[in-house]
Structure formats: structure tokens, C-alpha cells
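Below is one structure; the comments refer to it alone.
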Amino acid sequence: MLLKTFGWSFAVTVVGLAVAGVLWGWQGLAIVGILSILEISLSFDNAVINAGILRKMNAFWQKIFLTFGILIAVFGMRLVFPVVIVAITAKLGPIEAVNLAINDKAHYQELVTAAHPAIAAFGGVFLLMIFLEFLFEEREHKWLAWIERPMARLGKLETLSVIVALVVLLVAAVTVATDVAHGGGDKTATVLLSGVAGLITYLVVGGISGYFEDKLEDEEDEGADEEGGAAPAKKGSGAVVGLAGKAAFFMFLYLEVIDASFSFDGVIGAFAITNDIFEMALGLGIGAMYIRSLTVFLVRKGTLDDYVYLEHGAHYAIGALAVILIATIKYEIPEVVTGLIGIVLIGLSFWSSVVKNRREAGPGDGAEPKAEVSSGV
């Protein structure tokens, strides 16, 4: 199971490190290895979130996510995206931007850093919406009940998450967007526009995927009623819906946007290690492969069903990352802080799940949950 799930990741690691050693020597090999570890540490919560969505898809779309999706993640977000950002913000042609990235790495790094406020505002608001939608939703299992119960009651106001996100964006625009650490100057308008774009992206992609998912479930309910069978479980019950067609397609797009938002801090943080776009793409790409494999491992092992608080910990980590991304518009925050916060929150949620499982098993039962998360980390 472990080799089957992580086989491609192991193979890509061996080939990638070998290529790095041949092209850039021992220093390049070390840089690629460090970037891989950076990506994994920053994106572990991404794997948990992805698993919660991926388990709703059928086998075909799960394979699409692992094949075509990884190409988007590695080449699109880790290689092409920084160049596109430079081209847009510096008003350069695509060929000129690529030439700059290859031949004038110092200036390229400066331009990417100057674009950080826009990137952070877009990604921060998008991730904040994911966290708020989770926090305001009524669900069967509650990890931090003293927070989640009152938030679920407030969540009955359907537009509350949008209101909170807009308030956070406005506060950020009039505080952290002035005299920013990245590029200097007043970036209020840039932050506002980028944040609104992130909000609109979430509402459009998430809304469309949710619409088709609900429509498919309604059709399945109607079919079950006609046949006199039991209706499938609704969202949040842990059941696999097996989304296909348009529902799975828009859910796939939603997954890719989530991955893009998670990759922002990794791409920006990578410039503290190297400004070579190919070293960056290779190192972050290897890390992205492991995140994909870990996502599949969590789905196939039924980990999220057995350890019910893992999704809670991942969403709290997303909320923390969203706040950190917005704060980095003005303040320098080490990537190790972001990674440690996510790991700690997920670790605590995992331990809480273990305690819950032991308590429900009862004394002397000795039953263990079927998932073995520790073997996949």
C-alpha cells in the first residue's frame, strides 16, 4: 500500500535529485532537497483538505487529479506562475519575462517580491473563505466545541463568511498595506483589488462545484426513493459521494485553486533559498508530489473517517495561514513559523482523534482504528 501510493513520489525524488546534482552540483542538490522539505512542511494541511474533497470524486477524477493535476501543480504554479506574475505586474511580454527569470535572476526576484502584496491578498482571502465556511457550518463532530458551537449558530446567516472576509480585507488594506515590507509604498488599491479577486474566485469556483454536487446528490436521493432504497449520506457524513461529470470537473478546479493558494507562500519563501526558477520548480515540485501521494493515502486508508478531528486541525491551519499571508504584506514572517503552526494544529487534532477513538472503544476493548496515519507521514 505504502509503496504503491508513494512509488511515483520516490521515483521523482531520485530522478529529481540526480538531475539537480548533475546540473548544479552538490550545492544545487542541497537546495532542491531543502525546497522539497519546505514544500512538504508548508502544505501538509493542504493534503488533508484535498483528501476531504477528493474522496467525494469517482476513481476517474481521482486519477485526473493525480496526473493532469500534478502537471498544473508542478509546472503551472511552481514554474509558470511566478513568471506570469512578473509579466503582469512589471508589464512585460511573456518572452521578456522568461528571459529576465533566466538571465537576470536578481532583478526577477525583486519583481516577484514586489508583487507579493497582490499574491498574499488574493491567496489570503481565498484561504480565509475556506476556513470561515468550515467554521460557520454545523457539523456532527466538534473539536474545539467552545468555539465551533457558537460559530455554527452564527453561521445561519448565509453571507456572514463573506462579510467577515471583506472586513478583514478592508482592515488589511488600511493598515498592513501601507508602507509594506515588500516593494515599499502604499499598496492599498492593489491589496483591495487582489483580495476581492480572491473572494470572487472562491465564490464562483466553490459555488459552481457545490451547486453540481448538491444537484447530483438530489438526483441520487430521488433515484433511491423511487427504488425504495436508502438514500446516500449527505455532505459531512464521511460517505463517498463518487462525483462525476460537471460536478467532479468543477470540484477539480476548486482543488487546483486551493493548491494554488497554498503554493503562494512556498513560492515566495523559496526565494530566501534560491532565485533560480528551475531549482525552485524542481524542489517545490518534488514536495508537491508527496503532498499528492499523501492525499491519496489519506483517502484510500479512510483516515478522515477514523480520525474525525484531522479536518478540523487542517482548517484551523488554513485559517492561520490566511492570517499569516495577509500579515506578510507588511511584516516579514519566517516560513518555519507557518510550517510549525500547521504541523502543531494537525498534530493536536490527530491526538484528539486518537483519544476520542480510545474513549469510544471502552476499557479493555483494545480496538484500534483501521487507519495508520503515522506510516504515511
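Consider residue 367 carefully, then state whether it is outside any helix (DSSP H, G or I), open to solvent by less than 20 Å² (accessible area, probe 1.4 Å) and modelled with pLDDT under 85. Show your work before the answer.
Values: outside any helix (DSSP H, G or I): yes; open to solvent by less than 20 Å² (accessible area, probe 1.4 Å): no; modelled with pLDDT under 85: yes.
No, not satisfied.
Looking at the range 253-345, the helices (runs of 4 or more DSSP H) lying wholly inside it that each contain 3 or more residues that are buried (at least 24 other Cβ atoms within 10 Å of the Cβ) sit at 277-300, 310-327. Restricting attention to the range 65-78 and to residues that are aliphatic (A, V, I, L, M) and open to solvent by 40 Å² or more (accessible area, probe 1.4 Å), the residue that is modelled with the lowest pLDDT turns out to be 66.
State all residues of the range 236-250 that are modelled with pLDDT under 80, part of a helix (DSSP H, G or I) and open to solvent by 10 Å² or more (accessible area, probe 1.4 Å); if no residue qualifies, say none. Working first, answer last.
Of the residues in the range 236-250, the ones modelled with pLDDT under 80 are 236-248, 250.
Subset that is part of a helix (DSSP H, G or I): 245-248, 250.
Result: 245, 246, 250.
Pairs are defined by a Cβ separation below 8 Å, a sequence spacing of at least 6 or placement on different chains, a first member in the range 174-194 that is charged (D, E, K, R), and a second member that is modelled with pLDDT of 80 or more and open to solvent by less than 50 Å² (accessible area, probe 1.4 Å); the pairs so defined are 187/117; 187/118; 187/329. Taking the listed residues 10, 6, the one that is open to solvent by less than 30 Å² (accessible area, probe 1.4 Å), out of contact with any Asp or Glu (no Cβ under 7 Å at 6 or more places or on another chain) and over 18 Å from residue 277 (Cβ atoms) is 6, with no other qualifying.
Taking first residues from the range 79-92 that are more than 12 Å from residue 260 (Cβ to Cβ) and partners that are open to solvent by 20 Å² or more (accessible area, probe 1.4 Å) and part of a helix (DSSP H, G or I), the Cβ contacts under 6 Å between residues at least 6 apart in sequence or on separate chains come to 83/98; 86/111; 87/94; 90/111. Each residue in the range 98-124 was checked for being at pLDDT below 85 and in contact with a Gly (Cβ under 6 Å, 6 or more places away or on another chain), and 1 pass. Is at least one residue of the range 116-129 of a type in the set (A, V, I, L, M) and without any contact (Cβ under 8 Å) to a residue 60 or more places away in the chain? No - not one qualifying residue is present in the range 116-129.
Give 86, 98, 112 a once-over and let me know the one that is open to solvent by 30 Å² or more (accessible area, probe 1.4 Å), aliphatic (A, V, I, L, M) and more than 20 Å from the chain's Cα centre (by Cα). Among 86, 98, 112, only 98 is open to solvent by 30 Å² or more (accessible area, probe 1.4 Å), aliphatic (A, V, I, L, M) and more than 20 Å from the chain's Cα centre (by Cα). Residues in the range 270-281: is at least one out of contact with any Gly (no Cβ under 8 Å at 6 or more places or on another chain), within 26 Å of residue 188 (Cα to Cα) and without any contact (Cβ under 8 Å) to a residue 12 or more places away in the chain? Looking through the range 270-281, none of the residues is out of contact with any Gly (no Cβ under 8 Å at 6 or more places or on another chain), within 26 Å of residue 188 (Cα to Cα) and without any contact (Cβ under 8 Å) to a residue 12 or more places away in the chain. Checking 152, 189, 173 one by one, the residue that is modelled with pLDDT under 90 and open to solvent by 50 Å² or more (accessible area, probe 1.4 Å) is 189 and no other.
Can you confirm whether the range 38-56 contains a residue that is more than 23 Å from residue 313 (Cα to Cα), open to solvent by 40 Å² or more (accessible area, probe 1.4 Å) and in contact (Cβ under 8 Å) with a residue 60 or more places away in the chain? No - not one qualifying residue is present in the range 38-56.
The values are calculated or read from the model by the stated rules, or taken from the named source; none is laboratory data. These figures come from a predicted structure and were not determined experimentally. Positions of Cβ are backbone-derived with ideal geometry, glycine not excepted, and every protein chain shown enters the neighbour counts. To get the accessible areas, we keep the full protein, side chains included, count just its heavy atoms, and leave off ligands, DNA and RNA. Shrake-Rupley method; radii C 1.70, N 1.55, O 1.52, S 1.80 Å.
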